[in-house]
Amino acid sequence: MEPTKRRDLLAGAMFLILGILTLAVLIPAGVDSPGNVEISALSPEFWPSVIALAVMFVAVCLLAESYFLKVPELDAEEDAEEDAMYKLETLPGTLRTVVLIFALFLFYFALTSLGVVASSIVLMLSMMLFFGERKWYFIVPISLLLPILLYLFFLHVAGVPMPLGIFETLL
Amino acid sequence: MLENLSIAFELFFSLENILVIGIGVLIGTIIGAIPGMTTPMGVALALPFTFTMQPVTGILLLLGVYKGGLYGGSLTAILIKTPGTPAASCTILDGYPLAQKGQARKALDIALYASCVADLISNIALIMFAGFLATFALRFGPPEFFTLIVFSLTIIAGVAGPSLTKGILSACLGLLLATVGLDLIYGTNRFIFGNFELMSGLNFIPVLIGLFAIPEILDRATRRPRPPGSQRQELGGGASFAEFRKTLKSVVRGSFIGVILGAIPGIGGAPAAFLSYSEARRNSKHPENFGKGEPEGVAAAEAGNNGVAGATMIPLLALGVPGDVITAVILGAFMIHGLRPGPILFAENLPMIYALFMGILLSSAYLFVVGKVAIKTFSRVALIPNRILYPIVFTLCVYGAYAVNNNLFDILVMLCMGLVGFTMLRLEVPVAPFLIAFVLGPLLEDNFRQSLLLSDGNLSIFVRNAICWLFWLLTALSIFVLIRSRIRASRTGEASVLTTGG
């Protein structure tokens, strides 16, 4: 099976599951309905239910579409082979993405204690290294100055103090 | 009328406003020129900086970024064969060959002149038609608005990617997410699951930034950096007025194509550029020169691309319905300032609309000045490598998401939406319908329920008059056309020009 077909079938299946889950689990558990609704179409769960049903219906259409119709090619990857080589030479693509996602969520939890500025400095520095930048005279000034300048901009121009976490007491 | 104009003049005429448009165009041109940064991303990142500004000032800044972004994409398209924006990919066809012949300056000049003329025509179209459409839309009640939004979402879902079904699924996901928070009528909880941060619903800006900036960053982590096309050192002489005049017919045609396609929700710059280019080639005496460095090709592509800029504002201002992601962001900016575009805004706040029009007209002049400077100086900006650019973009995202409500939870929302956007990117599900449906979701549901309240639950209210019928017919027709073109695409293996981006 062509990869594009497999991808579309996967998308259809994921949306179908999402639609069923919404209708069967999320709406009953997450939508509070008042007891005395005169017109059923006005009740709080009506609109989400209609959307969930639409998701299920269209997901089935997508499954049928991907199964029976050919997927038109928009831009064929110009040099997929070189890309594959690149992925082998560096960390494999999926692993790099997982590492990056993990780092971004770790960054969020660091924010709560280290504050926005310090966490951003560390994250910018590590991200530049992760993406392959090696020139310290770019990495150090940019990752130090940008978060601090943005902090000052938001504090003085927009009147928004960014949280500084444990560094709050130092100022 | 005169009284309104004089109030509008007072609203508009301040040093701040006049400066801010120029700054917006400058930022937009730089962002547009940087491959890997799109105009919606630029407008989204600029949005948090407008919170403390006056409504007119903030919106003019965003409009400046929008217009600059549309033009900026052509700089790198011509110089290094790397389009800064999807719409500029059409400019490459003749712009890069011209640059390779040592006539880059000429191509850049023609692109700039065509962009400015198209922008001006588009702005005049906006001024002429928005008020007219708004007056007509005063007759709209909830059922008419409901059918109008359904029609707009169908078009957006259909043309945002190669598959209508994926577009609709994306829009449904956006509608579903928009239901999170307190119910509009009964005030009961929906999908809050005990988290009080969710009670007022998800904020639009973290969702927007998450969907449009984070997936790009995640995706680039897995991609090989592509070497740009070679740049010739000599730029050659600029274009003379006589040379530009030869292309004027194509520029005007392209501008009108841009205006018409721009006014229809969802279509955007890329299809307009390609259609304008193909029309210019079809009508040319020397169609064989197209693709080999024909200045008229550059002019036509840029005119189509920039012709949409004013026109996309027509449905936004007159009906309150954004046609693309950028106008959805501008709608967000209106809402942050407690304003709601649409016929009511025309009726109650006409001076503000006029002030915006004044600023929009001024933006065409700025585009010319900034463009002239840009050609000389910052074609090198585009050479910032992604490995430095993306960490900077991410930091801007974090600060922007936080500044909306001074709330760390919004950063978490942004990251989660980034994951959703990344999954959609991988599955090739377009994100534009998701975002626009998310913005329009509360309005759609509100109009649906108000209609039913008016009719005591009788569904026949949705076909109560000719306007409703017209929108239902247009919706059915667009679904029919989109399905037919999908089946055709399956047979020929080629996607239609309307689904190649935008």
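The values are calculated or read from the model by the stated rules, or taken from the named source; none is laboratory data. If you're wondering where the values come from, they're calculated on a predicted model, not measured in any experiment. Cβ placement follows ideal geometry from the backbone for every residue including glycine, while neighbour counts extend to all protein chains displayed.
Selection of the stretch B:189-236 for residues being modelled with pLDDT under 85 and among the polar types (S, T, N, Q) yields B:Thr222, B:Ser230, B:Gln231, B:Gln233. In this structure, B:Phe136 does not qualify as part of a helix (DSSP H, G or I), away from chain A (no Cβ under 14 Å), under 23 Å from the mean Cα position of the chain (by Cα) and under 21 Å from B:Leu470 (Cα atoms). Taken residue by residue, the stretch B:137-146 has no member that is at pLDDT 90 or above, of a type in the set (Asp, Glu), at negative phi and buried (at least 24 other Cβ atoms within 10 Å of the Cβ). Here the helices (runs of 4 or more DSSP H) wholly within the stretch B:1-97 that include at least 1 residues being at pLDDT 85 or above are B:15-33, B:39-46, B:55-80.
Those helices (runs of 4 or more DSSP H) of the stretch A:75-171 in which at least 3 residues are surrounded by 12 or more Cβ atoms within 10 Å (Cβ to Cβ) and modelled with pLDDT under 85, considering only elements entirely within it, cover A:80-89, A:93-131.
Residue by residue, here is whether (1) among the small types (Gly, Ala, Ser); (2) at pLDDT below 85; (3) touching a helix residue (DSSP H, G or I) at 6+ places or on another chain (Cβ under 6 Å); (4) assigned to a loop (DSSP other than H, G, I, E, B) holds:
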site: B:Val329; (1), (2), (3), (4): no, no, yes, no
site: B:Ala333; (1), (2), (3), (4): yes, no, yes, no
site: B:Arg340; (1), (2), (3), (4): no, no, no, yes
site: B:Ile344; (1), (2), (3), (4): no, no, no, no
site: B:Tyr354; (1), (2), (3), (4): no, no, yes, no
site: B:Leu361; (1), (2), (3), (4): no, no, yes, no
site: B:Ala365; (1), (2), (3), (4): yes, no, no, no
site: B:Val370; (1), (2), (3), (4): no, no, yes, no
site: B:Ala374; (1), (2), (3), (4): yes, yes, yes, no
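Of the candidates B:Val404, B:Val439, the single residue that is modelled with pLDDT under 90, within 20 Å of the chain's Cα centre (by Cα) and not acidic (Asp, Glu) is B:Val439.
Among residues of the stretch B:189-201 that are surrounded by 11 or more Cβ atoms within 10 Å (Cβ to Cβ), those with a Cβ under 9 angstrom from a residue that is among the hydroxyl-bearing types (Ser, Thr, Tyr), sequence gap 6+ or separate chain, pair up as B:Arg190/B:Thr179; B:Phe191/B:Thr179; B:Gly201/B:Thr179. From the list B:Leu177, B:Leu218, B:Leu169, B:Leu173, the lone residue that is farther than 30 Å from A:Leu42 by Cβ and in contact with a Phe, Trp or Tyr (Cβ under 7 Å, 6 or more places away or on another chain) is B:Leu218.
Of all residues in the stretch A:26-74, those that are surrounded by fewer than 19 Cβ atoms within 10 Å (Cβ to Cβ), at the interface with chain B (Cβ under 7 Å from one of its Cβ atoms) and outside any helix (DSSP H, G or I) total 8. Only residues that are within 20 Å of B:Leu138 (Cα to Cα), of a type in the set (Gly, Ala, Ser) and within 13 Å of chain A (Cβ to nearest Cβ) were counted across the stretch B:456-496, and they come to 0.
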